[in-house]
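These notes are about the structure you will find just below.
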Amino acid sequence: MEKRVTFKGWLLPMLLLAPQLIVSGVFFFYPAGEAVWQSLFIPDPFGLSMQYVGLGNFEYLFNDPYYRASFVTTAVFSTLVTLVSMIPALFLAVLADRLVKGAGTYRTLLIWPYAVAPAVAGVLWLFMFNTRIGVVAFYLNQMGYDWNHVLNEHEAMGLVVVASAWGRISYNFLFYFAALQAVPKSVIEAAAIDGARFWRRFFTIVLPLLSPTTFFLLVVNIVYAFFETFGVIHTITSGGPQQATTILVYKVYADGFVGQDLGSSAAQSVVLLVVVGFLTVLQFKFVEKRVHY
Amino acid sequence: MATVELENIKKRFGKTEVLHGVSIDIQDGEFIVIVGPSGCGKSTLLRMVAGLESISEGEIRIGEARVNEREPMDRDIAMVFQNYALYPHMSVRQNMGYGLKIAGMAKPEIKRRVDEAAKLLQLSDYLERKPRELSGGQRQRVAMGRAIVREPSVFLFDEPLSNLDAKLRVQMRVEIRELQRKLGVTALYVTHDQVEAMTMADRMIVMNGGVAEQIGTPLEVYERPVTIFAAQFIGSPSMNVIDAEVRAGQVMLGHVTLGPTDLPDRPVSLGIRPEHLHPDDNGPLTLNVTLSEPLGANTLLHGTLEGRGEAMTAALPGVHMEKQAVGQVRLSVNAEDLHLFDPKTGQRLN
């Protein structure tokens, strides 16, 4: 039997679809189209005229060592953010799953950081690690470590990674915790009787059963690291030092709104559009198929 | 292969005691069925033997060695779960070999044992499949296979057939019993199905409310149930129990005399199995039949006792009445088929 609702006229269905269509149109299709259009031009410094250059912007972009370096930075950054946000989340979820008393409190506390906005989180971490007044930087200094993320590119990267990943641990924890609860208890018991101790069970039974969740989170976190960490980077390092933390999204902003090179900025947006499109396709394809068994 | 001894096993969850002291000595190679209604503690008892639940009090010995403190893996047992608990991401072969692999057994030996068990269970053609590609009965066999390959001293079964359809259940019942006999491994089998208990057990433990009401062979329990609960739980349809009394060496139901007894005068609960009621035109009991259920080989008559109103069921051989017909039938019962219980404690008197 057909379960879908069939409408007689056009008015009601269009009305129902309108909010979604308008939002997508105004906030996605229009700007995306504009970006594609602009990527084919170079405007003059005053924005009064535009010169058609075809794929010139892209050609220039991919020959730009800074842009290629930004790709590498993004890859390193997103890999680290994904790992740093997922592995502790899984570990905490495993611990929470074993908890009998106080599990509710523990869970709630773990979820809180997710409620902190990225820019606020960025400022928070910035204060803690501020080279002059930061608490953590102070103690590191006491221990003989001279912390200075303003000058040291590795420290800068480390700081933005931790600041970006921190809030995500909560998000990932939630998913892992739910997934762990869904692992049948008897399967774990069967493995225990079969002789597998806790960590053996974890790696041979539990982890494979979590693989759909892991894959989903992998994609979601990569997308997050790519596109939603702007606030953190902007507040903490502004892409520095020496562009060491300039990820692709930040470069779009820096080149377009700071460097006033709108053509190149638009071309970079188009590249990102392709990347995010690819990630989305990947996600749908595999999540729907449910990678595991 | 080993003996299993349970000595005054108790289980408490917080302050609630759910097992009040169960004891049994199980012989090597014996098939013990633990049977009882939901929540009677039968699964808890089995899980305590497996090591999945801690033991609050008492001692469990497997092969004469105390195992209370041992991890499940160190108790030399294998368990078959109700939902089979197969590892969904592994093939049948990997499922069966998992325990051996963990034990560090050499690959050729694992392969040999898995192949052998698969042959025994007719799973040879399915070894490379994943559990989700198997039917319920096949999954059940894989779970069995996983238990067999480890060559344990004791098999533990936790309602292994309750997820199967009726026909398959009968078939698997026979298979499990034959397999256990062939391998000679001591087995503990938990079920709520009294037919499984009757057909499979060497001895059964009838459990109710955390207490072992009776331990004995199926026929012992059937013929001489020691409590009203055991009497009604074992046997189908279940035993009729009605209030009666002993007067002057006779079991009396109102003014009706049913047979002699050596008990002193006292009120009793009288148990009569439906199949022990015989049609007899001069019989002392008259049943006002309200429903008849012809099953072919025999007929169940449900009704009330004339002049008393107690509900009673009789199982008479052959076809007796057309379905749903009502009427009266006179019945008699042999004196040796009368079960007398204390109305207060439920304990057997005769």
Is one or more of the residues making up the stretch B:240-261 at pLDDT 85 or above and under 28 Å from B:THR199 (Cβ atoms)? yes
Qualifying positions in the stretch B:87-116 - over 29 Å from B:ASP28 (Cβ atoms), open to solvent by 40 Å² or more (accessible area, probe 1.4 Å) and within 12 Å of another protein chain (Cβ to nearest Cβ): B:GLN94
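Quick test for you: out of A:PHE71, A:PHE58, pick the one residue that is touching a residue at least 12 places away in the same chain (Cβ under 8 Å), assigned to a helix (DSSP H, G or I) and open to solvent by less than 40 Å² (accessible area, probe 1.4 Å). Talk me through it step by step, then tell me what you get.
Numbers: A:PHE71 fails: open to solvent by less than 40 Å² (accessible area, probe 1.4 Å).
Sole residue among the options that is touching a residue at least 12 places away in the same chain (Cβ under 8 Å), assigned to a helix (DSSP H, G or I) and open to solvent by less than 40 Å² (accessible area, probe 1.4 Å): A:PHE58.
A quick yes/no check of all residues on (1) within 30 Å of A:SER49 (Cα to Cα); (2) modelled with pLDDT of 80 or more:
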position	(1), (2)
A:VAL232	no, yes
A:TYR250	yes, yes
A:GLY256	yes, yes
A:ALA267	yes, yes
A:ARG290	no, no
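Pick from A:PHE257, A:PHE215, A:PHE286, A:PHE278: which is within 28 Å of A:GLN181 (Cβ to Cβ), open to solvent by 60 Å² or more (accessible area, probe 1.4 Å) and either assigned to a helix (DSSP H, G or I) or not hydroxyl-bearing (Ser, Thr, Tyr) (or both)? So that I can check it myself, show each step before the final result.
Values: A:PHE257 fails: within 28 Å of A:GLN181 (Cβ to Cβ); A:PHE215 fails: open to solvent by 60 Å² or more (accessible area, probe 1.4 Å); A:PHE278 fails: within 28 Å of A:GLN181 (Cβ to Cβ).
Exactly one residue qualifies, and that residue is A:PHE286.
Out of A:PHE91, A:PHE28, which single residue is within 30 Å of A:LEU209 (Cα to Cα), open to solvent by 80 Å² or more (accessible area, probe 1.4 Å) and assigned to a helix (DSSP H, G or I)?
Numbers: A:PHE28 fails: within 30 Å of A:LEU209 (Cα to Cα).
Answer to the selection: A:PHE91.
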Among the residues of the stretch B:149-163, which ones are more than 13 Å from chain A (Cβ to nearest Cβ) and of a type in the set (A, V, I, L, M, F, W, C)? B:LEU161
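A quick yes/no check of all residues on (1) exposed (fewer than 14 other Cβ atoms within 10 Å of the Cβ); (2) of a type in the set (Phe, Trp, Tyr); (3) within 14 Å of B:VAL190 (Cβ to Cβ):
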| residue | (1), (2), (3) |
| --- | --- |
| B:GLU7 | no, no, no |
| B:LYS10 | no, no, no |
| B:ILE24 | no, no, yes |
| B:PRO37 | yes, no, yes |
| B:LEU46 | no, no, yes |
| B:GLY51 | no, no, no |
| B:ILE60 | no, no, no |
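Out of B:GLU128, B:GLU64, which single residue is in contact (Cβ under 8 Å) with a residue 12 or more places away in the chain and over 30 Å from B:GLY14 (Cα atoms)?
Numbers: B:GLU64 fails: over 30 Å from B:GLY14 (Cα atoms).
So the residue among B:GLU128, B:GLU64 that is in contact (Cβ under 8 Å) with a residue 12 or more places away in the chain and over 30 Å from B:GLY14 (Cα atoms) is B:GLU128.
Can you spot a residue in the stretch B:152-159 that is out of contact with any helix residue (DSSP H, G or I) (no Cβ under 8 Å at 6 or more places or on another chain) and under 16 Å from B:ALA117 (Cβ atoms)? I'd like the intermediate steps shown before the answer.
Pass one, the stretch B:152-159, residues out of contact with any helix residue (DSSP H, G or I) (no Cβ under 8 Å at 6 or more places or on another chain): B:152-153.
Adding the requirement that they be under 16 Å from B:ALA117 (Cβ atoms) leaves B:152.
Yes, the stretch B:152-159 contains at least one residue that is out of contact with any helix residue (DSSP H, G or I) (no Cβ under 8 Å at 6 or more places or on another chain) and under 16 Å from B:ALA117 (Cβ atoms).
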Mind checking which strands (runs of 3 or more DSSP E) fall wholly inside the stretch B:1-86 and carry at least 1 residues that are more than 14 Å from chain A (Cβ to nearest Cβ)? B:4-13, B:16-26, B:31-35, B:57-62
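Quick grid of which residues meet (1) under 19 Å from B:ARG247 (Cβ atoms); (2) at pLDDT 90 or above:
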site	(1), (2)
B:LEU291	no, no
B:HIS302	no, yes
B:GLY309	no, no
B:GLN324	no, no
B:VAL333	yes, yes
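The values are calculated or read from the model by the stated rules, or taken from the named source; none is laboratory data. None of the values given here were measured: they were computed from a predicted structure. Cβ coordinates were reconstructed from backbone atoms using ideal geometry, including for glycine residues, and neighbour counts include every protein chain displayed. Surface areas here come from the heavy atoms of the whole protein model, side chains and all, with no ligands, DNA or RNA. Shrake-Rupley method; radii C 1.70, N 1.55, O 1.52, S 1.80 Å.
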